[in-house]
1. Read through the list (1) over 37 Å from the mean Cα position of the chain (by Cα); (2) closer than 30 Å to residue 434 by Cβ; (3) at pLDDT 90 or above, then give the number of the only condition that residue 83 fails.
2. Any residue at all in the stretch 149-169 that's touching a residue at least 24 places away in the same chain (Cβ under 8 Å) and in the same structural domain as residue 133 (by TED's automatic domain parsing)?
3. Going residue by residue through the stretch 703-712, is there one that turns out to be surrounded by fewer than 20 Cβ atoms within 10 Å (Cβ to Cβ), closer than 22 Å to residue 731 by Cβ and without any contact (Cβ under 8 Å) to a residue 12 or more places away in the chain?
4. Given the criteria surrounded by 18 or more Cβ atoms within 10 Å (Cβ to Cβ) and not aliphatic (A, V, I, L, M), does residue 471 qualify?
5. Cβ-Cβ under 8 Å, sequence separation 6+ or interchain: first residue in the stretch 558-569 and under 13 Å from residue 677 (Cα atoms), partner in a helix (DSSP H, G or I) and aromatic (Phe, Trp, Tyr). Which pairs?
6. Can you give me the number of residues within the stretch 31-57 that are closer than 23 Å to residue 367 by Cα and either outside any helix (DSSP H, G or I) or in the same structural domain as residue 407 (by TED's automatic domain parsing) (or both)?
7. Among the listed residues 287, 263, 300, which satisfies the condition of being within 20 Å of residue 85 (Cα to Cα), modelled with pLDDT of 90 or more and surrounded by 15 or more Cβ atoms within 10 Å (Cβ to Cβ)?
8. Given the condition hydrophobic (A, V, I, L, M, F, W, C), within 30 Å of residue 511 (Cβ to Cβ) and modelled with pLDDT under 85, answer yes or no: does some residue in the stretch 700-715 qualify?
Amino acid sequence: MDSQNQYHVSRPIYSIRAFEHVNERQAREKKSLKEKLRNSCSCSTKAAYGLVKRFFPILEWLPLYQPRQWITGEIVSGITTGMVCALQGLAYTLLVNVPPVYGLYAAFFPILTYFILGTSRHLSVGPFPVTCLMMGSVILNLAPDEMFMKPGNVTGVNGTVALVLNTVARDEMRVALSISMTYLIGIFQLAMGVAGVGFLVRYLSDPLVGGFTTAAAVTVVVSQLKLIFNVPTGNYNSVLAIFYTIGDVFKNIKKANMVDLIAAVVTIIVVMLVKEFNVKYQKKLPAPIPIEVVVTVIDAGVSYALDLSTNYGSGIVRTIPRGFIPPQPPDTSYFASFAGSSFSTAVVSYAIAISVAKVYAAKHDLVVDANQELLAFGVSNIFCGAFGGFVATTALSRTAIQESTGGKTQVASLIAGLLVLIVIVALGPLLQPLQKSVLGAIVVANLKGMFMQVHDVPILWRKNRTDCLLWVFTFAACILLGLDVGLLAGVVFELATVVIRTQFPTCSTLGNIPSTDIYKNMKDYKNIVTCPGTKIFKCNAPIYFANIEHLKDRIKHTVGFNAVQVFKKRNKALKKIHSLIKKGKLKVTENGLVPVEQLGVDNEGYETERDPGQVDSEPQPVENGARTAVDLEMQVDWTAALPVNVTVPKVDIHSFVMDFTAVSFLDVMAAKSIKLIIKEFLRIGVNVYIAGCDDEIVMKMESMGFFDEMVNRSMLFLTVHDAILYIKMETASDITEDPMIEKISQLQDDKIPYPDDDDLIETYDNQRLAIHGLSS
């Protein structure tokens with residue numbers, strides 16, 4: 001190896017206690033609750049202005065606006081994005097099941113509030129198909145067509161009065177439901193923003209969101225089939241609802257309107273091809289071709305010229321009134337009916353928005369405030385609901401158009417909103433002949449990006465199969481159970497995978513790379529050596545109540561024995577030896593225990609220990625050829641044969657090191673159990689050391705009463721290498737002693753009965769009682 005790639009460090013061997021002493025560890029300053037409240041409630045002019053800028057981010061970026069450099073791009077971006085917003089607003093009303101004009105309101109009003117309160121400079125706020133579908137499924141379930149059937153003027157064949165749909169009453173109730181649900185979604189988001197729980201969206205991982213949005217895309221396509229084919233279908237919002245809808249489409253396929261079907265197919269093909277063209281030549285085009293606008297204008301003109309509704313029975317938009325509706329309060333009586341669905345929609349809409357916002361913030365080196373985004377979308381949805389709109393979030397495709405055409409700030413969104421305003425107050429009636437199948441086709445064509453997420457599955461399978469299973473499970477659950485229940489099932493499955501991965505963490509036995517301070521998994525390297533008489537154990541996860549049993553099993557597997565069983569077996573052997581001594585069948589001599597009668601086994605495992613100073617002193621008293629047992633001490637070699645018929649598990653280590661570098665936290669149960677494990681090892685003569693503890697873990701141990709006279713801070717070391725070097729020093733100087741010597745000393749006076757230690761043993765099996773006494 002090149003000498004330039006080497007480094008040499010000379011430092012003392014540090015235990016935690018020594019390191020803290022040498023480097024003069026200081027106590028952390030802890031502020032009382034009163035001091036924290038005083039600091040947080042103190043106010044100054046600078047702090048007040050900072051607080052205002054935090055809640056009104058427009059004050060942060062608007063003074064820095066550069067009109068000369070940016071305004072041209074903002075205008076181009078705003079016009080392009082505005083046309084797409086207006087058309088998507090109209091199209092997505094088909095998913096919400098409300099009249100088309102309310103989609104224009106949903107595309108306009110959120111822009112105004114987000115312009116003031118939003119922290120993302122590139123987000124294009126408005127409706128999104130997934131959240132629209134989530135709202136629409138609830139509205140369709142609470143206000144199905146069957147509720148609004150009324151007797152008509154036409155008599156049936158057998159004399160019965162035919163029922164007709166009261167579309168006016170149906171639309172009124174669905175609009176009321178949409179407004180109330182949008183209010184509630186905004187209230188949930190506003191409350192989460194005030195509570196500062198924007199971090200909750202982190203529980204929606206990328207695989208989960210990918211599976212959910214792909215399933216939502218499939219559901220959106222199925223929901224648009226009835227418009228594309230112009231066939232009647234039932235209203236379903238239960239398990240397997242998507243399959244019932246598909247069944248209805250095929251059942252009524254003979255009733256399909258060919259004009260609507262041809263228009264939809266042509267629209268899908270043209271929109272997708274032009275979008276591919278825009279992507280391929282985006283650097284050469286001054287702005288993306290607004291193909292949705294082009295297709296819509298052409299179709300509206302053709303439909304008006306040929307009167308497709310009258311002549312061919314084509315389904316058209318029919319009514320788009322000019323202007324706005326007056327602000328309306330929510331109908332709170334509906335809140336209980338869709339509280340759960342509103343919360344899940346609020347979380348999903350926020351998760352989509354913050355994900356897109358962070359993508360462009362990272363691209364332009366900007367910062368997005370997650371909690372402020374919650375406040376911004378909460379206020380936007382409440383404001384939007386008051387004027388008849390439905391849930392607002394963003395779409396990656398729409399935001400991409402705004403950013404790629406020159407949008408630098410929310411000024412581009414404001415210009416887009418002005419274009420939508422023009423459509424609302426002036427151009428709306430011109431789109432009344434537009435075919436609904438074309439709007440449905442536009443919705444389907446814009447879902448291509450979501451369907452392309454299927455390519456993530458084989459990639460995830462190669463990289464991380466757990467994430468792949470999460471993607472597939474969430475997708476299947478949303479398809480089979482519906483989006484709301486499916487999303488909940490996906491979140492539960494995701495949390496279960498996290499719990500399982502921490503409940504059964506990866507544990508390893510470490511070895512040393514020769515001539516280095518590096519310790520790696522023994523299974524991963526050939527050029528690695530074990531430390532004689534020492535086992536090094538590493539747990540790669542936090543240790544808490546759910547995985548402590550698994551940790552115990554892995555420790556037993558690493559060391560190759562059960563410390564509790566070793567302790568019990570040794571005690572049993574000693575009691576039998578004591579019994580034989582009392583009966584006179586064994587005598588203690590300088591050569592160990594000698595059987596008075598031939599027992600068939602020489603006790604090679606016993607050797608006497610004498611004070612070297614007594615060798616040349618006056619002779620010890622001897623009775624019947626054997627020294628008195630009063631002054632004799634013995635040490636057991638438990639690896640040799642014993643004079644009693646007891647099989648004692650072999651312990652071939654003298655030290656056990658636990659590497660805690662990957663342990664981020666301990667709970668009370670884990671701390672007490674680890675303390676118990678350490679005591680059991682110490683009782684059989686195995687010294688235990690903990691290496692790599694973070695200071696936070698050490699402080700937690702102290703606060704939980706982990707340390708006492710037996711388990712003390714001297715066993716904590718800065719690194720594994722420090723612990724190993726200390727162990728080598730200890731073994732070289734023969735400092736360690738067998739703790740069973742004290743018990744053997746008791747055997748030498750056969751007048752003292754041998755204590756029964758079974759009641760005193762702290763065992764894993766009797767853990768509840770043992771743990772109760774550890775901290776006392």
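The values are calculated or read from the model by the stated rules, or taken from the named source; none is laboratory data. Since we're looking at a predicted model, the values are computed, not measured. Every residue, glycine as well, gets a Cβ built from its backbone with ideal geometry; the counts of neighbours run over all protein chains shown.
1. (3)
2. No; the residues of the stretch 149-169 include none that is touching a residue at least 24 places away in the same chain (Cβ under 8 Å) and in the same structural domain as residue 133 (by TED's automatic domain parsing).
3. Yes - at least one qualifying residue is present in the stretch 703-712.
4. For residue 471, the condition - surrounded by 18 or more Cβ atoms within 10 Å (Cβ to Cβ) and not aliphatic (A, V, I, L, M) - is met.
5. 563/681
6. So the count comes out to 2.
7. Only one candidate passes the filter, namely 300.
8. no
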